[in-house]
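Worksheet: one structure, shown below.
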Amino acid sequence: MLGLNPSDPAHPFRPSSERVAEAVPAASTSPAVNGLLPLLCLAVGPIDGACRLASSGANQNVGRGRPLYFRVPPRHVYVHVPFCARRCSYCDFAIAVRHRVPADEYARAIARELELRALGGSDATVDTIYLGGGTPSLLGPDGVRRVIDIVSERFPPASGAEITIEANPDDVNATSVAGWRAAGVNRVSLGVQSFHPNALAWMHRTHGADQITVAANALADGGMDNWSLDLIFALPEALERDWARDLDAAIALAPPHISLYGLTVELHTPIARWRDRGDTVEGSEDVYEREYLHADETLRGAGYAHYEVSNFGKPGRTSRHNKSYWTGASYVGLGPAAHGYNGLERRWNEREYAAWLRCVNEGKDPLGGAESLTPENRTSEEVYLGLRTSHGLALLPNEREAVRPWVDAGWGTVDSDRLRLTATGWLRLDALAASLTMLRSR
Ligand code: SF4
């Protein structure tokens, strides 16, 4: 899916495997990147991986081979489920293409990883569990229940905890929805991307447009009233995809939450090959801006709050899990390529499924790498994360004058010394965040 996971930190709109904006801490192409915050890549002193002996100790300070230790019990857990039926044309996520998903093998390995890694903390409950991918819905209802049971044994969900699963439309039916609900899932993130048949075929999606409506009805009929829908914008114009019609079709299904991802061409994807040999042309920056601003206006007009650069929600339906990433909360990451964060340090697991599996089967921490954040890195993240949400960033006294031109340009507003970017400002998020970080670091 397109998740937003510490592995997916790179671009606010990056559609990586469908879930760039949702579900952050999963993994992506490069260790420190996977849809989440490119910021994560700024950390100093990355440590190259190779799984570590689990006996290397939990209480040591961060360093080569040392596990990520939680001084304060984490309240959020991300589980990366890497399996996909095939690779979508734009996707560079850490996935394992499987016709038959080894759900038992995977669940046993997650249990083993939990045994092997010294995660510190206590028996405190967690607020969110997020199964991202990949395509977690391919685990089947029994596989999903098993994984949630295993994770819940170590990290019991609090009463009212948000438990999300990413799903492709072709995996959603009455049986799967009932099974997920019985397993404790109370939120589904549906990877739709488009309702246009040509666009779906070009993206190598496994579902057709008709299956999206069937899936939405199955969620509604099954009582899953908290769900999200992903769309990708800025597709090549030659596809003749009608963005306005796709937005209207999405709104007609009444999802409580919508995530948007602008198409970017990542290395080593089918789209990159098509572009390099001249068979496709990327959507222009004009299209990118026009479609993003059209979505902002249309979705806000339909009652959705544009509460984060890529996310829109009806009242009370924002993503609690993703909010943890945007507020700098600590989280545990399990599964291949998953990232974890304890407020000072980040670690990520071996990216490839086979490498991750080998580590845990050999009784080793599947550590792929780690990095400590310097004060400069934390400043950069604080600015970037603050600016990407509608809550905004508290300005320091010396910054008010510096951002006045941004307000004059319509890129943001300042109220009670908080800078909040507008949709036009979010199109310039990276540049504005870099500028403010530089000012704050002087
Ligand atoms: S379904 Fe799989 S291949 Fe397609 S975008 Fe999502 S993670 Fe990538």
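Structural remarks
- For a modelled paramagnetic label at ASP286, 7 Å from Cα along Cα-to-Cβ, the residues of the range 225-245 in reach, with backbone nitrogen under 17 Å, are 234-241, 243.
- Counting neighbouring Cβ atoms within 10 Å and putting the fewest first, the residues GLU382, GLU350 line up as GLU382, GLU350.
- When only the Cβ of Lys, Arg, Asp and Glu is charged (+1, +1, -1, -1), the dipole of the range 266-414 relative to its Cα centre reaches about 600 debye.
- Put a dot 7 Å past the Cα of ARG87, heading toward its Cβ, do the same for ARG108, and the two dots end up 2.8 nm apart.
- Since only VAL383, PRO397, THR413 are under comparison, the one whose Cα sits farthest along the positive direction of the charge dipole of the range 375-441, derived from C-beta charges on Lys, Arg, Asp and Glu, is THR413.
- The stretch between ARG245 and HIS204 holds 12.7 nm of extra length on full extension. This uses 0.36 nm per residue minus the Cα-Cα distance.
- Segments 326-334, 405-413, 292-300 sorted - mean Cβ within 10 Å per residue, highest first: 326-334, 292-300, 405-413
- Maximal additional length on extending the ALA220-ARG358 stretch stands at 45.7 nm, based on 0.36 nm per residue less the C-alpha distance.
- Cβ-Cβ distance of THR327 and ASP142, R₀ of 22 Å, FRET efficiency by 1/(1 + (r/R0)^6): the value works out to about 0.05.
- Evaluated over the range 375-441, the Cα radius of gyration and Dmax, each in Å: 10.5, 31
- Zone of ARG442's modelled label, taken as backbone nitrogen in the range 402-424 under 14 Å from a point 7 Å along Cα→Cβ: 402-404
- Computed lengthening from ALA394 to ASP149, 0.36 nm per intervening residue step minus Cα-Cα distance: 84.2 nm
- Footprinting exposure proxy for HIS391, HIS207, HIS257 (fewest neighbouring C-beta atoms within 10 Å first): HIS391, HIS207, HIS257
- Cβ crowding within 10 Å averaged over residues, with 236-245, 395-404, 310-319 ranked highest first: 310-319, 236-245, 395-404
- Couplings 3J(HN,Hα) for the range 193-202, derived from phi with the Karplus relation 6.51 cos²θ - 1.76 cosθ + 1.60 (θ = phi - 60°), are 6, 6, 9, 8, x, 5, 5, 5, 5, 4 Hz, where x marks Gly and Pro.
- For the range 238-380, alpha-carbon Rg relative to the globular expectation (2.2 N^0.38 Å, N residues): 1.36
- Under-5 Å amide H pairs with PHE83, H placed in peptide plane, nonlocal only: ALA96, THR135
None of the figures in this text is laboratory data; all of them are computed from the coordinates on show. Remember, it's a predicted structure, so these values are computed and weren't measured experimentally. Positions of Cβ are backbone-derived with ideal geometry, glycine not excepted, and every protein chain shown enters the neighbour counts.
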